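**Student:** This is the structure I want to talk about, given as C-alpha cells.
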Amino acid sequence: MPHLFIFGLGYSAAAIGRRALAAGWQVTGTTRDSEKAEALRGDGFRVVELTAEQAPEHLAEALSSASHLLASAGPGEAGDPVIAGYRDAIVGAGNLTWLGYLSSLSVYGDRQGAWVEEASPAEPTSDVGRRRLDAEEAWSALAKQMNLPLAVFRIAGIYGPGRNSLRDLKVGRARRVIKQGQVFNRIHVEDIAGAVFAAMQHPDHAGIFNLADREPAAQSQVVLEAARLLGVTPPPATPVEEADLSPMAQRFWSENRRVSAHRLKRDLGYSLRYPTYREGLAGLLSSER
C-alpha cells in the first residue's frame, strides 16, 4: 500500500491527504495542534504531534515506511523549517520514491499583468517570494542528493469550503476592492488535491507545476458573482488606496500577473474540476445547500 507522509496538515495538505485516503493509501501527517490531531485521526489520518518534548526519533520511525513525502510548511527567515529540522530523518527514510513541495506563485513576482508559465523564470519581488524560491532550491538540492523525483507546486490564491467569498458575504466581512488592471488567479482546494495526487502517480513527470485556474480575474468580479449567486447586494466598491490593507494583503496586491497551468493537462492528464471562479462558487453553494 502506498504511504504518504505530509509535513504540515494544513487546509490544502489535509485535502490532499483525504484524496489519498479515499484511494486506499495510508496517510501520516504532522501537526502541532492536539485538538486538530484528534479530528484528523477521526478522518483516518495517522498523526504525529510535533511538540517541544517529542524526540526526532519518533518522527523518523513514522517516516520509515513512507513511499511519498509532501511538505507544506511555509519558509521563515531561517529557511525551510522541514529541511532545517528533519533533514536527517528524511534522508534516512529508506522507502521514499517521490518528494513534493507546496510553494507559491509569489516566486514569479510582479509581471504587470503579463502571462507566466512553468518555464518562465522565477523573479520574486517580495521577501515572501524570495524565501519561497530559496525553499524550492533547498528541496531541489535534497531531491538530487537522494536521487528522487521532486514536484514543486506553485499555488494560486486558495479557496474552498469555509474559505470563499460566499462565506465572507454571509458573515459580513466581504469587501470589493478596486485596482485598475489588477487580476489574480485562484485555485479550488479540491483541484489542489486532485492535481497533487495525479502528480504522485506520475513520478516520471517531475519539476514545476502551476496550480491555477484558467481565468485570471479582478477580486471585485468574484465578489460580484458571489453576491449574484446569493441574491444579495454586493458591498460598495473601495479603491485599493482606501482599503486599509494588512501588510500581507499589501504584498498580495502589489503583484499582478496571469498564470498558465498547462502542464497539469499535458503531463499529468488532469483537468480542473473548477476551471474558473464561477464553477467553484456555484459548486460551493450547491454543496452547502
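The values are calculated or read from the model by the stated rules, or taken from the named source; none is laboratory data. From a predicted model like this one, the values you see are computed outputs, not experimental measurements. Positions of Cβ are generated from backbone atoms using ideal geometry, with glycine treated the same way; all protein chains shown enter the neighbour counts. We work out accessible area using only protein heavy atoms, side chains counted, and drop any ligands, DNA or RNA first. Shrake-Rupley method; radii C 1.70, N 1.55, O 1.52, S 1.80 Å.
**Student:** Could you pull out the residue among P236, P203 that is open to solvent by 70 Å² or more (accessible area, probe 1.4 Å), more than 21 Å from H188 (Cβ to Cβ) and either among the β-branched types (V, I, T) or touching a strand residue (DSSP E or B) at 6+ places or on another chain (Cβ under 8 Å) (or both)?
**Tutor:** When all the criteria are applied, what remains is P236.
**Student:** Which members of the stretch 268-289 meet the condition of being closer than 14 Å to R163 by Cβ and either hydroxyl-bearing (S, T, Y) or exposed (fewer than 14 other Cβ atoms within 10 Å of the Cβ) (or both)?
**Tutor:** Once the filter is applied, which keeps residues that are closer than 14 Å to R163 by Cβ and either hydroxyl-bearing (S, T, Y) or exposed (fewer than 14 other Cβ atoms within 10 Å of the Cβ) (or both), the stretch 268-289 yields Y274, Y277, S287, E288.
**Student:** Within the stretch 63-84, which residues are assigned to a loop (DSSP other than H, G, I, E, B), farther than 17 Å from E137 by Cβ and open to solvent by less than 40 Å² (accessible area, probe 1.4 Å)?
**Tutor:** Correct list: A66, S67, S72.
**Student:** Is there a residue being without any contact (Cβ under 8 Å) to a residue 40 or more places away in the chain, hydroxyl-bearing (S, T, Y) and on the phi < 0 side of the Ramachandran plot anywhere in the stretch 228-235?
**Tutor:** Looking through the stretch 228-235, at least one residue is without any contact (Cβ under 8 Å) to a residue 40 or more places away in the chain, hydroxyl-bearing (S, T, Y) and on the phi < 0 side of the Ramachandran plot.
**Student:** In the stretch 85-99, how many residues are open to solvent by 30 Å² or more (accessible area, probe 1.4 Å) and outside any loop (DSSP other than H, G, I, E, B)?
**Tutor:** First, the residues of the stretch 85-99 that are open to solvent by 30 Å² or more (accessible area, probe 1.4 Å): 85-88, 91-92, 94-95, 97.
Filter once more, so that each one left must be outside any loop (DSSP other than H, G, I, E, B): 85-88, 91.
So the answer is 5.
**Student:** Separate question: Can you name every residue in the stretch 168-185 that is surrounded by fewer than 22 Cβ atoms within 10 Å (Cβ to Cβ) and either under 21 Å from A13 (Cβ atoms) or touching a Pro at 6+ places or on another chain (Cβ under 7 Å) (or both)? It would help to see each step written out before you state the result.
**Tutor:** Just the residues of the stretch 168-185 that are surrounded by fewer than 22 Cβ atoms within 10 Å (Cβ to Cβ), to begin with: 168-183.
Selection gives A174, R175, R176, I178, V183.
**Student:** A further question follows. Would you confirm whether any residue within the stretch 100-117 is assigned to a strand (DSSP E or B), surrounded by fewer than 21 Cβ atoms within 10 Å (Cβ to Cβ) and in contact with a strand residue (DSSP E or B) (Cβ under 8 Å, 6 or more places away or on another chain)?
**Tutor:** yes
Quick grid of which residues meet (1) more than 16 Å from L102 (Cα to Cα); (2) open to solvent by 60 Å² or more (accessible area, probe 1.4 Å); (3) in a loop (DSSP other than H, G, I, E, B); (4) of a type in the set (D, E):
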residue	(1), (2), (3), (4)
L9	no, no, yes, no
A14	no, no, no, no
G17	no, no, no, no
L21	yes, no, no, no
T28	yes, no, no, no
E35	yes, yes, no, yes
V47	yes, no, no, no
E57	yes, yes, no, yes
E61	yes, yes, no, yes
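**Student:** Could you list, in sequence order, all residues of the stretch 243-267 that are of a type in the set (A, V, I, L, M), in a helix (DSSP H, G or I) and surrounded by 15 or more Cβ atoms within 10 Å (Cβ to Cβ)? Full working, then the answer.
**Tutor:** We begin by selecting, within the stretch 243-267, every residue of a type in the set (A, V, I, L, M); these are 243, 245, 248-249, 259, 261, 264.
Still in the list and also in a helix (DSSP H, G or I): 248-249, 264.
The answer is L264, and nothing else.
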